[in-house]
1. Give the residues of region 280-307 that are free of Cβ contacts under 8 Å to residues at least 40 places away in the same chain and in a loop (DSSP other than H, G, I, E, B), sorted by residue number.
2. Among (1) under 27 Å from residue 220 (Cβ atoms); (2) among the charged types (D, E, K, R); (3) in contact (Cβ under 8 Å) with a residue 60 or more places away in the chain, which single condition is residue 128 missing?
3. For region 236-271, which positions are outside any helix (DSSP H, G or I) and exposed (fewer than 15 other Cβ atoms within 10 Å of the Cβ)?
4. Can you find even one residue in region 66-84 that is touching a residue at least 60 places away in the same chain (Cβ under 8 Å), under 14 Å from residue 412 (Cα atoms) and part of a helix (DSSP H, G or I)?
5. Quick check on residue 223: is it in contact with a helix residue (DSSP H, G or I) (Cβ under 7 Å, 6 or more places away or on another chain), in contact (Cβ under 8 Å) with a residue 40 or more places away in the chain and among the β-branched types (Val, Ile, Thr)?
6. Only one of 450, 439, 446, 432 is farther than 17 Å from residue 407 by Cβ and not hydrophobic (A, V, I, L, M, F, W, C); which?
7. If residue 460 satisfies every condition in (1) modelled with pLDDT under 85; (2) surrounded by 15 or more Cβ atoms within 10 Å (Cβ to Cβ); (3) in a loop (DSSP other than H, G, I, E, B) but one, which is the exception?
8. Within region 236-269, track down each residue that is at pLDDT 85 or above and among the polar types (S, T, N, Q).
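The values are calculated or read from the model by the stated rules, or taken from the named source; none is laboratory data. Since this is a predicted model, take the numbers as computed values, not measurements. With ideal geometry, Cβ positions are generated from the backbone for all residues, glycine too; neighbour counts draw on all protein chains shown.
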Amino acid sequence: MNRILKLIRAPYFAVVVIALVYIGITIYISIHLLHDSYNTHAFDLGIFAQSLKFTLAGQFLYNTPEGLCHLAYHFSPILLLLTPFYWLFPHVQTLLVCQAILFGISGVIVYKLCRVNNLSHRTGLLIEFLFFINPLLWGTAMFDFHASAFAVPAILTLLLGIQTNKRWLIITGLVVALTTKEDVIILMGIFGAGMLLYTLWRERKLSRLYLTIFIASLAAYGVAVGVSAIASEGNFPRILTYSTVRYEYMQLPAGETFQGALATLFNAGTLSLLFAYLTPLGYFPLFQLRWTFPALVVFLENALSTCPAQHALHQSHAAALPFLFMGLIGGLVWIKGQPKIQSVISKAGHRTITYVFIFIIILTSLQYVSNSRVKYAKLPGPEEAATNQVLALIPDCATVTTMNKVFPHICDRTTAYLPWFKDPYTPIENGDWGFPTKDTEYVVVDRAHDGAQGTMEFIIKKQPDKYELIMELDGVKLYRLKQP
């Protein structure tokens, strides 16, 4: 009994409990209320699950929607760390669980950053809690699975290593960050260059640490482009094509490019996105721009994009989180060291101001969270039960064509394909398409969850000698290729 009481009273007990509660809630929502209700997608949960499935079968990070090794499009070799878990639990839900755990670990690191900056245990718990209700975190956690999830604990580990001067933390955080995604590599280079200039200006010396981060980032980006060139199988490196499809004004003449960028940047959606970055943190990160500026770079990267998805609370903002919270912690430390500010706060009523401010921040965070994909969360109903029943008729290892929202429910036990499609913001030219490009053994038509399948059904009906309808339940149809 005494040991249990001692454990409960230990400082890290509350830290771990808060993290475990977050992990549990996130797993429940992302799996039961989103995935089970058919609100996950081939892009991106399906392609990551299929990439791991094919890797274990000997085809390195290959998936059918992209038609190539995933490294052709995004430099994410960190995915290979998940192969043992996917081998043990070969289900798409495994990725959602891993992502929730990564974010749970991130919250514990945020607490540790508070403590090494001499903030109190109670303040550390509060900031950990604010991390777990931050809209940028929920925007990532609720939008399927992405390799960028690794960037959050990786960058936080790097920052913790810098704060504590522990080389092994710095190396671990940097290596993981540089193998997460190409835009994270660019961000690390910007962070290294910015801090290099800052230390040169403030301390009049060249920081070997930040110079190393900058050079390592340059080298990693060179490797990323080289790997993409090889994986693109003779085509132009697919990793470089996102600048044209997601920043369309880059293809315009110089004068029009500038105007297009300004028009994209200054609009109501961009302003709302900026508020989502700063308002839930009380604008404290602005007091420590030396730590916060990489997050503002991430904001600009998304705000300048002509892809609407990047203006919403999606995974593209994940890498900003560590820098925003480092700025928040640094801002609180700076305010603690300002006697005049402390005097004003004390006269106005320290506790009252604190409680009101925290209450406003929590309400603001929850308001922004409600605008993420959590708004689609719902309990599975009869429509989902019907689709599950139809999909259960498809044997393992069969080839099957289905659409976006059904794909993640079948790709872990079959060879799943999408029908041909064109996404103007995803530069896919080599997709390995299913029906009608190829005659897969099964075709699933589910208008309840993917209303765009009418064309596919029309083509099937035009070829009555090729496919037969073997199951229809509440609008879900399963077609099987007739045997010759």
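1. 283
2. (1)
3. Within region 236-271, 236, 252, 253, 266, 267 qualify.
4. No, that holds for no residue.
5. On the way: in contact with a helix residue (DSSP H, G or I) (Cβ under 7 Å, 6 or more places away or on another chain): no; in contact (Cβ under 8 Å) with a residue 40 or more places away in the chain: yes; among the β-branched types (Val, Ile, Thr): yes.
Here the answer is no, as residue 223 does not meet what is asked.
6. 439
7. (3)
8. 241, the sole residue that qualifies.
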